[in-house]
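Here the structure comes first, spelled out in structure tokens, and everything after it is commentary.
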Amino acid sequence: MSDLYAQTRERVLAALTDAFPDLPEEVLARVEVVPPREEGRGEMASNAAMVSARAAGRKPAEIAAELARRLAGTPPIAAAEIAGPGFLNLTLDADAWRGVVPAVLAEGESYGDSDIGGGIAVNVEYVSANPTGPLHVGHCRGAVVGDALASLMEKAGYNVTREFYVNDAGNQVTALAWAAYWRYLEALGTELTQDEFAARIPGGLQYGGDYLRDVGRALAEAHGDAFAPGAMPADPEFWLDAVRDFAIAFLLETIKEDLARLGIRHDVFRSERALVESGAADRVIAALRERDLIYEGVLEPPKGKLPEDWEPREQTLFRATLFGDDVDRPLRKSDGTATYFANDIAYHAEKIALGAEILIDVLGADHGGYLPRMRAAVAALGGASFEVALCQIVHFQKGGEQVRMSKRAGTFVTVADLLEEVDADAIRFTMLMRKNDAQMTFDLDLAVSQTRENPVFYVQYAHARARSVLRAADERGIVPADDLETLRTLADPAEMAVLRRIALWPRLVEGAAQAREPHRIAFFLYDLASDFHMLWNRGRDDAALRFLIEDRPAETAARVALVAAVATVLRSGMQVLGVTPVEEMR
RNA sequence: GCGCCCUUAGCUCAGUUGGACAGAGCAACAGCCUUCUAAGCUGUGGGUCGGUGGUUCGAAUCCACCAGGGCGCGCCA
């Protein structure tokens with residue numbers, strides 16, 4: 001838990017409160033110590049003088065001068081100068097930066113762990129794909145973002161639960177049951193044609209995908225023709241529940257397999273059906289009704305184009321408008337059963353009841369319109385804050401052209417298809433190089449290319465290079481230095497740049513976690529990889545800067561320690577993103 | 001018609017929650033392999049941060065309006 005930036009900030013705060021004892025907490029909280037944006041402005045910069053100028057009744061420059069006077073020469077601060085409108089630019093003792101190496105080696109991959117999360121219970125719900133088919137590429141980004149966000153928040157000290165909401169209730173799973181039943185009849189060798197069967201059933205055959213053949217065959221193996229004597233359709237009353245449950249369980253299993261191949265594993269799978277059957281939706285509606293948040297009423301017709309079958313109807317409505325939504329929202333369908341929204345309120349209520357203090361829903365952008373009502377619902381429930389990570393649609397590109405996803409053409413529909421083209425590491429890293437709410441184009445050629453333009457490769461290559469050095473060092477019996485005296489041989493600008501980057505890691509983890517932005521981790525890894533490749537190349541140009549030098553044991557031990565620290569931080573970051581740190585490139 | 005998200009270099013995108021002259025990678029141009037992996041590295045050029053106002057010591061960042069792109073809009077999930 002060492003963080004050089006945090007330590008330096010403490011020093012600045014101490015100097016500030018010594019000089020100006022009456023500064024209010026809010027002002028102190030705004031004091032930052034950050035890496036400067038550009039070279040030549042010291043090694044750390046603080047806004048302390050500017051944010052406290054008003055409260056202290058002094059000019060920023062005066063405060064900065066006072067701070068500089070008090071701080072300069074007090075370890076780890078070597079020099080302090082005033083710049084611009086009142087910035088305090090600090091230069092640290094080189095030993096302070098070097099000290100990061102033993103800290104990293106001692107802490108290992110837990111270097112960068114933080115406790116800002118304070119053990120707060122966070123529930124991250126992601127993927128939540130309908131169990132009516134294999135995982136679709138449309139779910140991929142949310143799956144990767146949700147998983148990385150969960151890992152990131154764990155690293156920052158939150159107590160995270162990874163959750164998958166199984167939408168196994170409602171009309172769609174009934175339709176699924178019928179479709180699975182058709183494949184079952186097929187497996188039994190029915191005389192009916194698909195069209196004849198489709199004509200007999202409510203709503204027609206809605207799921208025509210081949211993947212249901214497997215479900216049909218498995219049903220036939222497990223149950224023989226018990227649900228369809230003579231391979232002819234029977235009264236659904238005798239089979240519908242069983243076939244539906246069988247199909248859902250089967251497909252959920254394939255979804256879990258797809259997720260596993262992406263390196264994703266949830267802690268909790270919560271069934272909507274179980275929730276409904278437990279009466280949770282009814283209970284939550286009743287509870288809201290007691291607080292006068294539910295009423296029977298008629299909604300205004302929607303603006304713009306009117307749905308063809310629209311007619312005024314009295315419904316059970318939730319007063320979402322009291323909590324910022326545009327309209328009140330229906331909780332019961334005309335047949336009296338709960339709407340998806342009503343069940344979802346019950347689901348979120350359950351997450352809160354089980355202790356979650358922060359609820360994060362990772363959703364596709366097509367659910368954007370659903371947000372205001374869910375936000376309103378959680379606000380009405382109380383007890384937890386509600387956050388959403390919206391993931392914009394991903395377009396895929398190959399050979400310079402956009403890949404059209406079509407079920408009929410049989411290309412690029414499922415995550416399994418995608419995994420045929422690109423491995424999980426490339427998928428994860430590439431998707432995490434973008435902010436989740438920005439549209440992105442996924443270039444399949446780039447993601448598999450072994451060039452610098454491909455960030456996945458670039459970062460993995462850096463790690464492999466570092467490991468290659470460490471293996472060579474190990475063979476020669478070199479022990480990484482952990483004492484400052486030996487590490488003092490690290491002095492080249494490229495070496496110091498790597499040290500400064502590594503020192504930034506804990507601060508970066510905290511910032512990314514608080515902003516809920518895992519993509520920052522990807523960018524950091526890219527930057528660290530870049531620093532390391534640069535350092536490597538210095539050794540190419542100048543033999544004196546190589547890592548392993550036969551007759552210079554001190555330099556060698558120090559540089560091996562630095563390389564080990566780089567490899568450790570790279571691994572630490574890749575772990576958050578769920579990307580494999582490879583030992584060597586083949 | 002209304003709501004949410006987005007708009008930064010020719011292209012793909014960052015911008016550390018309001019800080020210093022706006023950054024990186026591609027692409028363009030000029031260099032670097034007797035070596036622990038050149039699958040890489042170094043340098044140069046390139047911007048009215050979609051537009052107009054406002055808030056303040058300070059705005060790509062916050063607010064308002066406008067333009068363009070995406071998503072959504074009662075008893076589907």
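The values are calculated or read from the model by the stated rules, or taken from the named source; none is laboratory data. Everything numeric here is computed off the predicted structure, so don't read it as measured data. Cβ atoms come from the backbone with ideal geometry, glycine included; neighbour counts cover every protein chain shown. Keep in mind that these areas ignore ligands, DNA and RNA; they rest on the heavy atoms of the full protein, side chains included. Shrake-Rupley method; radii C 1.70, N 1.55, O 1.52, S 1.80 Å.
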Going by the conditions given, is A:Thr193 out of contact with any helix residue (DSSP H, G or I) (no Cβ under 9 Å at 6 or more places or on another chain) and within 18 Å of A:Arg213 (Cα to Cα)?
yes
Scan segment A:398-439 for residues that are modelled with pLDDT of 85 or more and either in a loop (DSSP other than H, G, I, E, B) or not small (Gly, Ala, Ser) (or both) and report the count.
20
When segment A:440-460 is examined, which residues are found to be closer than 12 Å to A:Glu421 by Cα, in a helix (DSSP H, G or I) and near RNA strand B (Cβ under 10 Å from one of its atoms)?
A:Leu446
Restrict the check to segment A:433-450 and report whether at least one residue is under 25 Å from A:Pro518 (Cα atoms), open to solvent by 30 Å² or more (accessible area, probe 1.4 Å) and basic (Lys, Arg).
yes
Does A:Arg467 satisfy being open to solvent by 10 Å² or more (accessible area, probe 1.4 Å), in the same structural domain as A:Arg546 (by TED's automatic domain parsing) and away from RNA strand B (no atom under 11 Å from the Cβ)?
no
Condition first: among the small types (Gly, Ala, Ser) and without any contact (Cβ under 8 Å) to a residue 12 or more places away in the chain. Now tell me which residues in segment A:310-352 satisfy that.
A:Gly336
Among what's in segment A:476-496 and is hydrophobic (A, V, I, L, M, F, W, C) and part of a loop (DSSP other than H, G, I, E, B), pick the residue that is modelled with the lowest pLDDT.
A:Ala491
Scanning segment A:50-87 for residues that are within 11 Å of RNA strand B (Cβ to nearest atom) and modelled with pLDDT of 90 or more gives A:Ala64
